[in-house]
Every structure is written in structure tokens, then in C-alpha cells.
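Quick notes on the structure that follows.
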Amino acid sequence: MHKQPIMQATRRAFLAAAGGAGAALIVRPAKATPAAMTAAIKQVVGEAQINSGKVKLDLPPLVENGNTVAMGVSVESPMTAKDYVKAIHVFTEKNPQPNVISAQLGPRAGKAEITTRVRLADSQQVVAICELSDGSFWSDKVDVIITLGACLEDNLI
Amino acid sequence: MSGPARLSIFAAPLLLAALVSAGAEIALNERRSAYDDMSRDNKAMQDDDTSNPGMLAVLDGEALWAAKAGASGKSCADCHGGAKASMKGVAARHPSFDASAGRPVNLEQRINTSRVQHQQASPFAYESKEMLALSAYVAMQSRGEPIAPPDDPRLKPFLDRGRAQFNQRQGQLNLSCGQCHDDNWGKSLAGNTVPQGHPTGYPIYRLEWQGLGSLQRRLRNCMIGMRAESYAYGAPEYVDMELYLMWRARGMKVETPAVRP
Amino acid sequence: MARTLINVPQKAKRGEVIAIKTLISHVMETGFRHDNMGKAIPRDIITSFVCTYNGEEIFRAALHPAIAANPFITFHTVATESGTIAFRWTGDNGFSQDASAKITVG
């Protein structure tokens, strides 16, 4: 798992010196685009309308390290047999692929709130969408800025 | 997160820092753990043992402590008993002087000496899952204890060497550890707050690594940042530096397994 | 075997909403990285997490490479009866890990 640090530093220094032309040499996977995210969302919601509100995406606006970011999603819902949250989905705009997590819950959850830890490859918009038992979809968006660390060892994303 | 971009923002503030002459050691009452500068979420991650991912390794370490190993057929527990009592404060006192080696050894080296000499087992590799797990389990038994470097005159020359290294300019950026961690702590370096660099929580679960790592991995990481050539794991230079850093953090509380960005 | 860390209250009142926290050791290799030689590192992630309460499914999540290493997932459920809350993580390369916790509901 460990790379040769000296080699890496040298390669980076070279790429820095080579400027824009050098940057093109970096082998990076294609990033998802806002269009890819839109397509991934469409797979979940189909032609249904997405309303804003009811769902709250909890992410810090400024993140020191995008490799592990605490994220929470909660939905205002009585969570009764007749009125509950069916699913919570999270998408990103610029990670290598747009899907993050899709959780299915039901009235037995009692409370529609989940947390996890995510990877954010870049400063970007993150979108949470919930599906309620009446078939409606609701969303929340957060713009996250990933500040670059000074002494990173390696790219993990 | 491209390499070149990172290199340039890294270099700029450091050039400024290089203009500042090497300062004095941080006053004892001004010392602070990097924990204090973490976000609410990251503090919560460290504080709750059921959400601290470093605890997964601690559980592995607990199993290793009880597992029989090597030709001796003995476990750590067979000789030491329960780690809770027998290992309390041990990590807080390392590196410590080892008479047969004629120099200080760190906790990892102490574990390996026990494995080889007493269990007749093969040593664990540095940064291996096993070494990180067992050292995390042992070090956690000192959680909340003050860091207490042994008052042992035999350690003096090694401590001095560690201090000299800390203040020695090195690498392509021609920086010393002290220029950041003594003279410029609390200021911003790219997106980070420069910490004082106290080894209070090793092995740490670093969010950047998405895993556990030793103090030597962190030192290596710093040296890469300074564009200096790093030493091999277990090198005496690292152990001397660990000794100095523990002395510098004397009296501060052990936090293992700490979480850091 | 992957190490798991589960936090379920041992006791709860009937009808009480309880928080469940789960951690599991796993690299969550994204499949988007390359090694030193430029060779792609194949994807190795947990793709699914399922929780059952006395055999009935109460929570399920599909995970993607954007979930950080050593996945941490928390959610809630209503304490309905005493019994077992069971967890199963499955993923690439035939990965499967089970864990469970007992709960007494009074």
C-alpha cells in the first residue's frame, strides 16, 4: 500500500514544473458530472417531481479532509404506518461516480435519520433525496468545500 | 486534489515561515493537543468508542493479546495477565532504555522483543495490521494517563539527538520540524491548522489514511512534506525523535486511539 | 473475518425509538485508484447492509465506493419486543459478515 515517497515527490515536482502540459499526464479516472448526477437521480425518481424541503442533509460546509466526512440525513415524518419515509438516497456531483448510499426504511424505524461517513473527492454539491410513502420525493443540497491538506501522503480517492 | 496544486500552496506559506528564526520550545502551559482544534464531528468520532474506527483495531489487539503465539505456545496474557492493569501507563513511558540494545526502544520494538525472545515468534512488521492492533490495544490502557518519559540518565544523549533533529533544517524545503510546530502552531498551512505536533494519541486513526498508523508513519509523512528523505521504519533516528516528542509532551494525557484529520 | 462494533441498547421500553450504530473493518477500495505501476486496483467494497429484528427486515442500505473505509452506519428502530437484532454486510469477492445483538424490551 505504501508508495515510494521520494519517487512521488519527484514526480509531483516534475509535473508542477511541467505546468499545464504536465497536469494532463496525471492518470485520473473521469469524474462524474452534474449531468451524471442528474441521470443517477432520474434512475431513482423517474419522472416524478422533486420538491425541496422535509429532508435535511447535514454536512460541514468546510471539510479538512475529504477522505472521511461525517454525514447525516434526517426527514421530518411522523413515521406511522400510513405516513413514513420509504427511502433516503445521497448523490454527489464530482466523485468518480454519483451514487453514495441508498437506504430503505419503513414505519418501524420510528425516526427517519441516518448517519454515515463519506468520501468527497472535490469541493462539490451533495444532494439528498427522500421518498415518502405517498410516492413524493423531497430533496436538500449542500455545497461542500474541501480544503486541501498541506502534508498529504497519498491520494486515496 | 492534484499534486501540482498542492505543491504550490504548500510552498508559499512555508517560505514565509522560513524567514522566522528558530524559536524556543512551547511553554508547558501553552501546550495543546490537536484534538482541541478538531471539528465537532471529528471530536465526536474520537470520544465515542462505538463510533471511533480505531476501536476496530483495538478489538483485534485484544484478541492478539490473548492468542498463543510462537514456539513458546504462550500468549501475552500468559505472562502479563490482564492488559488493563499490567499495561496501564506503559505506552506513556516509551520509548524507554533497553539495556541489551544499548539504546531506547519504542513501544512497537518492545512488543517485538517480547515476541521474539519470550514467545519465540516472528516479529510483526512495522505498520502491519497486527502491530498496529496490538500497539493500539496496549497504548489504550494508558488512555487518560499523563505522558511520563522515564527519568533515566542513559536516555539523555538520545533525547539530545532527537531534539537536535527536530531543530535541524532538512529536505528540499530546508525546513525544521520546529519552524512549523514550535514557531508557527495555530496558524494556517493550506487548509490545515498547524498543530503543535504532540504524540498524544498514537497509533492514530487518520481520516486521510482511512486507517490506523504509527507515530513513525506520521513522521515519515512530515518528512515527505518537507521533501526530505525519510528513514526506514524502526530507524534509530525515528526512535530518538519519538523520545524527544514524548519528552516535549510530558504531562499531557494519552488519547489512544485518537482520531485526526 | 472482518471486525464489527455494534451499539444497540441492551434494554429499552416497548415503543421507544432506539439508535443503532454499526462499524465494520473494510478497506472499501474504490476501484478508481492505481498502484505505483499505474495498474488499476480492482474494486473491493461492501455493497449491501441489512438489519433484521427477530428475523424481520427493518433497514437496508446499498453502499457505493463513496462510503469511507471501515463503514459506519447509524439508524433507528422502534423497540417492539425482546430478541435479536442481526446485521449482515455483503460485498465484492464474496464478502459476507454477520453480527448480532440482544435486546430486552420491557
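So here's what we get for this one:
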quantity: Residue count, region B:222-257 (criterion: assigned to a loop (DSSP other than H, G, I, E, B), acidic (D, E) and surrounded by 21 or more Cβ atoms within 10 Å (Cβ to Cβ)); calculated: 1
quantity: Complete set of residues in region B:220-242 that are hydrophobic (A, V, I, L, M, F, W, C) and either modelled with pLDDT under 95 or under 13 Å from B:E108 (Cα atoms) (or both); calculated: B:C222, B:M223, B:I224, B:M226, B:A228, B:A235, B:V239
quantity: Unique residue being in a loop (DSSP other than H, G, I, E, B), surrounded by fewer than 20 Cβ atoms within 10 Å (Cβ to Cβ) and more than 11 Å from chain A (Cβ to nearest Cβ) when the list is B:A148, B:A164; calculated: B:A148
quantity: Every residue from region C:22-39 that is under 13 Å from B:L56 (Cβ atoms) and either charged (D, E, K, R) or not in a loop (DSSP other than H, G, I, E, B) (or both); calculated: C:T22, C:L23, C:I24
quantity: Looking only at region A:81-125, and only at residues there that are under 15 Å from A:N67 (Cα atoms) and of a type in the set (V, I, T), the one that is nearest to the chain's Cα centre (by Cα); calculated: A:T92
quantity: Residue within region C:64-80 that is touching a strand residue (DSSP E or B) at 6+ places or on another chain (Cβ under 7 Å), under 23 Å from C:M1 (Cβ atoms) and more than 14 Å from chain B (Cβ to nearest Cβ) present; calculated: no
quantity: Close pairs from region B:201-223: first at the interface with another protein chain (Cβ under 7 Å from one of its Cβ atoms), partner in a loop (DSSP other than H, G, I, E, B) and among the charged types (D, E, K, R), Cβ under 6 Å, at least 6 apart; calculated: B:N221/A:E153
quantity: Region A:102-124, residues that are farther than 14 Å from A:Y84 by Cα, modelled with pLDDT of 95 or more and in contact with a Phe, Trp or Tyr (Cβ under 9 Å, 6 or more places away or on another chain); calculated: A:I114, A:T115, A:T116, A:R117
quantity: Residue check, B:L173 within 14 Å of chain A (Cβ to nearest Cβ) and surrounded by 22 or more Cβ atoms within 10 Å (Cβ to Cβ); calculated: no
quantity: Count - residues of region B:95-139 that are in contact with a strand residue (DSSP E or B) (Cβ under 8 Å, 6 or more places away or on another chain), assigned to a loop (DSSP other than H, G, I, E, B) and aliphatic (A, V, I, L, M); calculated: 1
quantity: Count of region B:60-103 residues which are in contact with a Ser or Thr (Cβ under 9 Å, 6 or more places away or on another chain) and under 26 Å from C:T22 (Cβ atoms); calculated: 6
quantity: Counted residues, region C:56-81 - those being assigned to a loop (DSSP other than H, G, I, E, B), free of Cβ contacts under 8 Å to residues at least 24 places away in the same chain and surrounded by fewer than 20 Cβ atoms within 10 Å (Cβ to Cβ); calculated: 0
quantity: Leading residue by the ranking (farthest from the other protein chains (Cβ to nearest Cβ)) among those in region B:176-200 that are over 16 Å from the mean Cα position of the chain (by Cα) and in a helix (DSSP H, G or I); calculated: B:G178
quantity: Check on C:F49, among the aromatic types (F, W, Y), more than 8 Å from chain A (Cβ to nearest Cβ), in contact (Cβ under 8 Å) with a residue 24 or more places away in the chain and closer than 24 Å to C:G94 by Cβ; calculated: yes
quantity: Set B:L107, B:L155: member being assigned by TED's automatic domain parsing to the domain that holds B:Y233, among the aliphatic types (A, V, I, L, M) and crowded, with 20+ Cβ neighbours inside 10 Å; calculated: B:L155
quantity: Residue identified as at the interface with chain A (Cβ under 9 Å from one of its Cβ atoms), in contact (Cβ under 8 Å) with a residue 60 or more places away in the chain and over 25 Å from B:A133 (Cα atoms) among C:I103, C:I18; calculated: C:I18
quantity: 2 or more residues crowded, with 16+ Cβ neighbours inside 10 Å: qualifying strands (runs of 3 or more DSSP E) within region A:50-157; calculated: A:55-58, A:69-75, A:85-92, A:99-104, A:113-118, A:124-132, A:137-146
quantity: Residue pairs meeting the criteria (Cβ under 9 Å; at least 6 apart or on separate chains; first at the interface with chain C (Cβ under 7 Å from one of its Cβ atoms), in region A:110-129; second aromatic (F, W, Y) and in a strand (DSSP E or B)); calculated: A:K111/C:F75; A:E113/C:F75; A:I114/C:F59; A:I114/C:F75; A:T115/C:F72; A:T115/C:F75; A:T116/C:F72; A:R117/C:F72
quantity: Test: residue in region B:123-132 that is hydroxyl-bearing (S, T, Y), within 20 Å of B:A228 (Cβ to Cβ), surrounded by fewer than 20 Cβ atoms within 10 Å (Cβ to Cβ) and not assigned by TED's automatic domain parsing to the domain that holds B:R248; calculated: yes
quantity: Number of positions in region C:31-46 that are facing chain A (nearest Cβ under 9 Å) and among the charged types (D, E, K, R); calculated: 2
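The values are calculated or read from the model by the stated rules, or taken from the named source; none is laboratory data. What you see is a predicted model; the values in this text were computed from it and never measured. Backbone-built Cβ (ideal geometry, glycine too); neighbour counts: all protein chains shown.
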